[in-house]
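Inspection log for the structure reproduced underneath, given as structure tokens.
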Amino acid sequence: MFLETKADRSSKRGWIEVVCGSMFSGKTEELLRRIRRAQFAKQKIELFKPAMDTRYAEAELVSHDASAMPSTPVHNASEILLFVTLDTVEVVGIDEVQFFDEGIVNVCNQLANAGIRVIVAGLDMDYLGNPFGPMPKLMAIAEYVSKVHAICTQCGDLAHYSHRIVSGDKQVLLGEKDAYEPLCRHCFRLLP
């Protein structure tokens, strides 16, 4: 989709950063922190999130601590390419990336190859402790991967599991503290 010359590629270098972890670990806060620093540096940014995630706001990225920035809700990964102007956008942020289709890997690669810094944040594991959606592939192709941790609600150790505390076996269940709690490996393994 993007055509560029060798000179274009060498003058503008892009890369992919992944921020991952469990629920309540500060993934969105870290994404927003990096985006705010880019704005402070007067870089042109675009923020995206899955349209299905309306927990806090329809067209804003909102962290659990209520920090927020305007974002564009999209229904699938390829829609992101419709909103990014390659000659002006320098940084693209994508939250809740685990909810996107596998095409998000190609979209992130295309953006980075076009010289854009791509920052994605999402859950690396689902509520069963299995790799979640496109996250393993994104972590594999990223230049930078940061794993953030919550605090285990049972013992106080570092937590990296998102334990679902409500019934249901669908992989995707939007929720907050009413539906999930962060647990460490030990406490997660002790679950019945």
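The values are calculated or read from the model by the stated rules, or taken from the named source; none is laboratory data. Since the structure is predicted, the reported quantities are computational estimates derived from the model, not experimental observations. No Cβ is skipped: glycine too gets one built from the backbone with ideal geometry, and neighbour counts run over all protein chains shown.
A few points about this structure:
- Single condition THR153 does not satisfy, out of (1) under 30 Å from LYS44 (Cα atoms); (2) among the polar types (S, T, N, Q); (3) out of contact with any Ser or Thr (no Cβ under 9 Å at 6 or more places or on another chain): (1)
- Annotation note: of TYR180, TYR161, the sole residue that is modelled with pLDDT of 95 or more and surrounded by 15 or more Cβ atoms within 10 Å (Cβ to Cβ) is TYR161.
- Among the numbered conditions (1) modelled with pLDDT of 95 or more; (2) out of contact with any Ser or Thr (no Cβ under 9 Å at 6 or more places or on another chain); (3) surrounded by fewer than 21 Cβ atoms within 10 Å (Cβ to Cβ); (4) over 17 Å from GLY26 (Cα atoms), the only one that ASP87 does not meet is (1).
- A single member of GLY122, GLY133 is under 13 Å from the mean Cα position of the chain (by Cα), part of a strand (DSSP E or B) and crowded, with 20+ Cβ neighbours inside 10 Å, and it is GLY122.
- GLU58 being acidic (Asp, Glu), loosely packed, with under 15 Cβ neighbours inside 10 Å, at pLDDT below 65 and not in a helix (DSSP H, G or I): no
- Scanning the stretch 10-38 for residues that are more than 16 Å from VAL91 (Cα to Cα) and in a helix (DSSP H, G or I), we see that the one that is modelled with the lowest pLDDT is SER10.
- Qualifying residue in the stretch 149-156 (condition: within 21 Å of THR28 (Cα to Cα) and either assigned to a strand (DSSP E or B) or of a type in the set (Gly, Ala, Ser) (or both)): yes
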